[in-house]
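Enquirer: Below are the structure tokens for one structure; questions will follow.
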Amino acid sequence: MNTIAQKRLWQLRSRLLGGGGSRKGAEPARWFTENIHLALSLRKMSTVFICYSRNDAEVVDKLSGIITKLGHTVWIDREGIRGGDQWRARIANAIQQCDIFVIALSPNSTASQVVRKELNLAADERKQIVPVCIAPTEIPIEMKLQLAGLQRIDCIGDLESCSGVLEKAIGLPSSAADWTTILSKVELSLLSIT
């Protein structure tokens, strides 16, 4: 945990424990003490943007289901864009807001200009990029720089068997912004019981 998060967590704990013996102060303090592991598990609830080609929708839907089962929120264009939305702006905003950027690699996605633009934006935004191979494919020169040095997850043929590898790759967020979100959720939970 980073020092900003530690300081905020300590301030929150101090504020809760500072309630003296009163029932109003004691209840949140007891909840906090007993459920800190639960509060910290909120950390697992990352937003994962899935970048893919529409031609791979069936496989990507399975990938999305696996990531959701791992406890993450998935943003996918077919569900994240409503009729009448400016789709380019919605996609750009979703990439900026996501914690993790998963790119489903296939001949379809590597040939897509939209996929390349999304990958470029994720790289520019310094997102954690997780390349998942869903079909045998060569990486084109236009994508090599963004994917250089990144270990690819080979899920060709059997996505279910990749669940453990995906969980390790996606893992837990570690930035200060993630911890700020987590602590805000904890604070809101605690306020609701006071």
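Enquirer: Using θ = phi - 60° and the Karplus relation 6.51 cos²θ - 1.76 cosθ + 1.60, list the HN-Hα couplings for the stretch 102-114 in order, rounded to whole Hz, with x at every Gly or Pro.
Expert: These are the phi-based 3J(HN,Hα) values: 9, 10, 7, 8, 7, x, 5, 6, 6, 8, 7, 5, 5 Hz.
Enquirer: A follow-up question, please. Can you sort LYS144, LYS127, LYS117, LYS168 by solvent-accessible area, 1.4 Å probe, largest first?
Expert: Sorted by accessible area, descending: LYS168, LYS117, LYS144, LYS127.
Enquirer: What ranking of TRP87, TRP75 comes out by heavy-atom accessible area, probe 1.4 Å, highest first?
Expert: TRP87, TRP75
Enquirer: Go through ASP124, ASP158 and list them by solvent-accessible area, largest first, probe radius 1.4 Å.
Expert: Reading off the accessible areas and sorting them downward yields ASP124, ASP158.
Enquirer: Right, next: I'd like the accessible area for ARG152: 1.4 Å probe, protein heavy atoms, all chains in place, Å² to the nearest 10.
Expert: Surface accessible to solvent at ARG152 totals approximately 100 Å².
Enquirer: Once you sort the root eigenvalues of the Cα gyration tensor of the stretch 74-127 as a ≥ b ≥ c, which label holds: rounded (a/c under 1.5), prolate (a/b larger than b/c) or oblate (the other case)?
Expert: oblate
The values are calculated or read from the model by the stated rules, or taken from the named source; none is laboratory data. Predicted, not measured: the structure shown is a model, and the values here were computed from it. Areas reflect the complete protein model, heavy atoms only, side chains present, ligands, DNA and RNA absent. Shrake-Rupley method; radii C 1.70, N 1.55, O 1.52, S 1.80 Å.
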